[in-house]
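Derivation of every value follows stated rules applied to the coordinates shown; laboratory data play no part. None of the values given here were measured: they were computed from a predicted structure. Backbone-built Cβ (ideal geometry, glycine too); neighbour counts: all protein chains shown.
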Amino acid sequence: MINFDTSALFASIFWGGLGVGFFVYGKKQQSAGPLLGGIALMGISYLIANSAVWMSLAGAGILAGLYYWSRRED
């Protein structure tokens, strides 16, 4: 059964929109980090659909990984 929780819906829209931005940036810059990070951010709304808290923790983890990736390449 699908849970129509308002907070999960807004978290899904937020992380999905952020993922689209990273995806487009990664595609235009031809950089694998932001491209894959954007796909992962868009995917968490499908994989973790029931809880906004877990979705946000996963999104924050992905963003931390992207930050680490960008600093590693310098």
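Using only alpha-carbon positions, what ratio does the radius of gyration of the chain give when scaled by 2.2 N^0.38 Å?
Computed over Cα atoms of the chain, the ratio equals 1.14.
So for the pair Val20, Leu63, with labels modelled 7 Å out along Cα→Cβ, what separation do we get in nm?
About 1.8 nm separates the two model spin labels.
Listed highest first by mean packing, meaning other Cβ atoms within 10 Å per residue, what order do 37-44, 51-58 come in?
So the order, starting with the most tightly packed, is 37-44, 51-58.
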